[in-house]
Amino acid sequence: MQIVPVGYDHPDARKLSDLVLQEYALRYGDPEGDATPLDPSMFQPPRGLYLLAYDAQQRPVATGAWRARDAAHGPDEEDENYADGDAELKRMFVVPEARGQGLARRILALLEDDAREAGRARVVLETGLQQPEAIALYTSSGYMPAPAKFGHYRFHRESRCFVKPLRGTH
């Protein structure tokens, strides 16, 4: 497997993003999938990174990204309950035929390292109860339930938020 940084608007990134949204729609019964506003500029270094994994046949099989998030500091900013220095994980996804090979864990480690190098203090993520394999990945990778929910889905009952400090960890 080859894991490379690409733009969020790369054709292969868009292809896998469409697949993950379809999976969310199936799991949650919501045709929108994930309504979190995302823009390609959010994933440009040094304030983010979007990774794409390719198999030996050069097919895109997995994605993962982080974007810088900070606390709201003015009346024009929506307070989604982030803290200064947060790196939010987005679009972690492995196509079904490539699952079970540790690919998500490899991408997660690369994203954490990059966010740490960019000076972010902690990684935050939101997932849902219909994604038990995601919850298992994150909790087995040192993520703890967040003291307070954050992000677009912070008021949803099925939403679960997790955090992992980056400073002082390797």
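Per DSSP H run of n ≥ 4, the term is -39500 (n - 2.57); total these for the chain, divide by its residue number, and report the mean residue ellipticity at 222 nm rounded to 500 deg cm²/dmol.
-8000 deg cm²/dmol
If the only charges are +1 at each Lys and Arg Cβ and -1 at each Asp and Glu Cβ, what is the size of the charge dipole of segment 45-143 around the Cα centre, to the nearest 20 debye?
So the magnitude is around 560 debye.
Please give the per residue accessible area of segment 1-106, computed with a probe of 1.4 Å over protein heavy atoms only, in Å².
Per residue, segment 1-106 has an accessible area of 53 Å².
Between D79 and S159, what is the FRET efficiency for a Förster distance of 22 Å, r being their Cβ-Cβ separation, to the nearest 0.05?
The pair D79/S159 has a calculated efficiency of 0.85.
Ignoring ligands, DNA and RNA, what percent of the 1.4 Å accessible area of the chain is carbon and sulfur?
The computed percentage sits at 53.
Decide, for the chain, between rounded, prolate and oblate: order the square roots of the alpha carbon gyration tensor eigenvalues as a ≥ b ≥ c, take rounded if a/c falls under 1.5, and otherwise choose prolate if a/b is larger than b/c, else oblate.
Verdict is rounded for the chain.
Could the peptides 46-58, 2-14 be put in order, highest first, of the mean number of other beta-carbon atoms found within 10 Å of their residues?
My ranking of the peptides, most packed first, is 46-58, 2-14.
Report the accessible area of F43, computed with a 1.4 Å probe over the heavy atoms of all protein chains in place, in Å² rounded to the nearest 10.
Using a 1.4 Å probe on the heavy atoms, I get roughly 10 Å².
The values are calculated or read from the model by the stated rules, or taken from the named source; none is laboratory data. The structure displayed is predicted, hence computed values, not measured ones. Every residue, glycine among them, receives a Cβ derived from its backbone with ideal geometry; neighbour counts consider all protein chains shown. The area values use the complete protein model at the heavy-atom level, side chains included, leaving out ligands, DNA and RNA. Shrake-Rupley method; radii C 1.70, N 1.55, O 1.52, S 1.80 Å.
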